[in-house]
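The block underneath contains the structure these notes are about, expressed in structure tokens.
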Amino acid sequence: MLQDTLHNLPDIWTVKEDVQVTHLHTCTVLISTHGCFLVFPQDTAGVILHNPRSLIVNDQNLMPQVAMVQQSTQSFERVTGSRAQALMVFRQLVEPDELRAKRLFDSTVREWEIDTVKILTWESLKPYLQQFKSKTLQVEETVQLTLSLRKLALP
């Protein structure tokens, strides 16, 4: 489950849930010296069809959701003054070839990029975050960013 993944991240990660990024959208914010990531959980699961400008899951066009995530991320960046990577996280996504073969391929990396949004599964979130080794934020910047989230957090 996504909550288990979030709460089992290494101690270098600050997890802030229910952050109000726009009047309509909340997300979970992950902060470390490796960067700031906005997690937008998705209820949809199934077969993914994609290219850099298109996202379809189970024959449903999800580009309106991608656009809303991008707008929410831009709003967050304006309010906090910090860059952030948007992550849409799905319960499970499979490639069409896997559906035809009726099995998941171990070699399939469960991450895709649609425009500026990273698409992941619950399972691939932690490995994705662990791949970041270089520091993009100083410790003081992570503290300041965490403090600035207080004005965005839901009561």
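Of all residues in segment 71-79, one or more are hydroxyl-bearing (Ser, Thr, Tyr), in contact with a His (Cβ under 7 Å, 6 or more places away or on another chain) and within 25 Å of Thr22 (Cβ to Cβ). Considering each residue of segment 26-37 in turn, at least one proves to be of a type in the set (S, T, N, Q) and farther than 21 Å from Glu123 by Cβ.
Leu152 meets the conditions (1) aliphatic (A, V, I, L, M); (2) modelled with pLDDT under 90; (3) out of contact with any Ser or Thr (no Cβ under 9 Å at 6 or more places or on another chain) in every case but one. The failed one is (3). Scanning segment 18-45 for residues that are at pLDDT below 90 and either surrounded by 15 or more Cβ atoms within 10 Å (Cβ to Cβ) or among the polar types (S, T, N, Q) (or both) yields a count of 8. Give the residues of segment 66-78 that are without any contact (Cβ under 8 Å) to a residue 24 or more places away in the chain and either under 17 Å from Pro52 (Cα atoms) or surrounded by 15 or more Cβ atoms within 10 Å (Cβ to Cβ) (or both), sorted by residue number. Within segment 66-78, Ala67, Gln74, Glu77 qualify.
Just to verify a result, which residue in segment 21-34, among those that are among the polar types (S, T, N, Q) and assigned to a strand (DSSP E or B), is farthest from Glu95 (Cα to Cα)? So the residue we want is Ser32. Inspection of segment 80-97 identifies at least one residue that is in a helix (DSSP H, G or I) and modelled with pLDDT under 85.
Only residues that are part of a helix (DSSP H, G or I), hydrophobic (A, V, I, L, M, F, W, C) and over 13 Å from the mean Cα position of the chain (by Cα) were counted in segment 35-67, giving 2.
The values are calculated or read from the model by the stated rules, or taken from the named source; none is laboratory data. Owing to the predicted nature of the structure, the values given are computational and were not obtained by experimental measurement. Cβ: placed from backbone, ideal geometry, glycine included. Neighbour counts: every protein chain shown.
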